[in-house]
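The values are calculated or read from the model by the stated rules, or taken from the named source; none is laboratory data. Note that the structure is a prediction, hence the values are computed from the model and not measured. Glycine also receives a Cβ, built like all others from the backbone with ideal geometry; neighbour counts cover every protein chain displayed. Each accessible area value is taken on the protein alone, full model and side chains, heavy atoms only, with ligands, DNA and RNA left out. Shrake-Rupley method; radii C 1.70, N 1.55, O 1.52, S 1.80 Å.
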Amino acid sequence: MKNFFLKILSLVFPITCSSCGKDLPPLSKERICSGCRENFPKIEGLICSKCGCPLPEGGQFCIVCRKNKKEFAFDKMRSAFLYEDKIREMILKFKYYNRTFLSADLSEEMIKVYEKHPFFQQTDFIIAVPSNFFRRFKRGYNQALLLARAVSLKTGKPSLENILFRKKLTKAQFKLSKKQRAKNIDGSFYVKNKKAVEKKNILLIDDIATTAITASTCAKTLKKAGAKKVFVLTLARD
Ligand SMILES: [Zn+2]
Ligand SMILES: [Zn+2]
């Protein structure tokens, strides 16, 4: 009887994989099939100990981090996927097509990365990289915040939403050169609740780290406000 009901239900409300479109079992909580998940380009193997970028040749730091230890203001950054192929498509759907329900499935690999690196355990609380107010208004939600909530739910670390804000309108980053980006974004964040930040270890969550400049600027702002350590965990990186 139950199976019969499920069959009817899946005919009326079919659930399909958001990546390949294949049917998922009736009432499935998952929205991306296991085959697709397995094929997403995970970051595995050797990485830079600071910024987490892949280092196929080995070594402790990448060229950028080796050249200037203070290039990035965060203590350590890790990402679950390389921003390419299917995961890129998936993130764009998540970001621009209201597929907010994908945050649970997409954050799963982030949790694995979180558990793999013991330093993340030092986290006192989690915050999301704030999105620009007008762009969020247009889109209706901040996808980094959805990921932060999902990571909070699975790690038990609280997610605070009244800490870090964007100050002024920053031009869309992708239109600018690397130097212009840094200038555009520098000083564009501020901390509202300094008392909550003082001497705390903070985990910053974002969807994509393109140059790590945004994450670094947020970390700089948080440290200026008194934060002890800032770790970064992103879904994907370029
Ligand atoms: Zn699939
Ligand atoms: Zn590095």
- Name the residues in the stretch 88-99 that are of a type outside the set (Lys, Arg) and either open to solvent by 50 Å² or more (accessible area, probe 1.4 Å) or not in a helix (DSSP H, G or I) (or both), would you? 89, 92, 96, 97, 98
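To keep it simple, each residue is scored yes or no on (1) open to solvent by 60 Å² or more (accessible area, probe 1.4 Å); (2) under 19 Å from the mean Cα position of the chain (by Cα); (3) among the charged types (D, E, K, R); (4) more than 21 Å from residue 207 (Cβ to Cβ).
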site	(1), (2), (3), (4)
41	no, yes, no, no
48	no, yes, no, no
61	no, no, no, yes
66	yes, no, yes, yes
78	no, yes, yes, no
101	yes, yes, no, no
107	no, yes, no, no
114	no, yes, no, no
- Note on the structure: Residue pairs within 9 Å by beta carbon, gap of at least six or interchain, first lying in the stretch 51-69 and free of Cβ contacts under 8 Å to residues at least 40 places away in the same chain, second exposed (fewer than 15 other Cβ atoms within 10 Å of the Cβ) and hydrophobic (A, V, I, L, M, F, W, C), listed first then second, are 54/46; 55/46; 56/46; 57/46; 58/46; 59/46
- Query: So which of 229, 224, 200 is among the charged types (D, E, K, R), free of Cβ contacts under 8 Å to residues at least 40 places away in the same chain and either touching a Cys at 6+ places or on another chain (Cβ under 6 Å) or open to solvent by 10 Å² or more (accessible area, probe 1.4 Å) (or both)?
  - Reply: 224
- Kindly state which helices (runs of 4 or more DSSP H) lie completely within the stretch 178-238 and contain at least 1 residues that are closer than 20 Å to residue 113 by Cα and in contact with a Phe, Trp or Tyr (Cβ under 8 Å, 6 or more places away or on another chain). 213-224
- Query: Quick check, is residue 46 within 16 Å of ligand 2 (Cβ to nearest atom) and closer than 24 Å to residue 101 by Cβ?
  - Reply: no
- Task: Please work out if residue 142 is free of Cβ contacts under 8 Å to residues at least 60 places away in the same chain and under 21 Å from residue 211 (Cβ atoms).
- Result: yes
